1. What are the extents of the Cα atoms of the range 28-120 along their three principal axes, listed from largest to smallest and rounded to whole Å?
2. Quick one: which of 62-75, 100-113 comes out on top by average Cβ neighbours within 10 Å, and what's the full order, highest first?
3. Taking the Cβ of Gln116 as the center, what net charge do the other residues with Cβ under 13 Å away carry, scoring Lys and Arg +1 and Asp and Glu -1?
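What follows draws every value from the coordinates through simple rules; no lab data is involved. Computed from a predicted structure; not experimentally measured. Note that we place each Cβ from the backbone using ideal geometry, even for glycine, and neighbour counts take in every protein chain shown.
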Amino acid sequence: MRTALRTLLAAAAVAVSATAVLASASNTPINYQPDPALKTESLSQLRARVSQACGVTQARLLNVSEASLSRKCDCYAGQTLRAMSAEEVQAYRDTGVFNDSTRGKALASLDSCKLQRPAM
């Protein structure tokens, strides 16, 4: 029972972060709290987080498995994080979502990596 609950909570956290992380013009929910782990994660851990969120979101958009998107989502996460300035990375760490300047870079990465843009 505990394992099932943990799995459910982890899936919910990924789903929430997926919509926030991708380049949608999101209105952050009023009660949204960024994951405190963002503050201390390395850039490679942030890239893995963005890639995972990409996989969840794109799998829903395209009705395919997350595994089938791993290369494209790794492309997206890598390009997006490489394009971010130190200030943009810090803003992501602070808020858990991409700011306006990062959102544009993320959209360009979606296009470059041949992923679907989320509906705005």
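1. Principal extents (largest minus smallest coordinate, Cα): 31, 28, 24 Å.
2. 100-113, 62-75
3. +3
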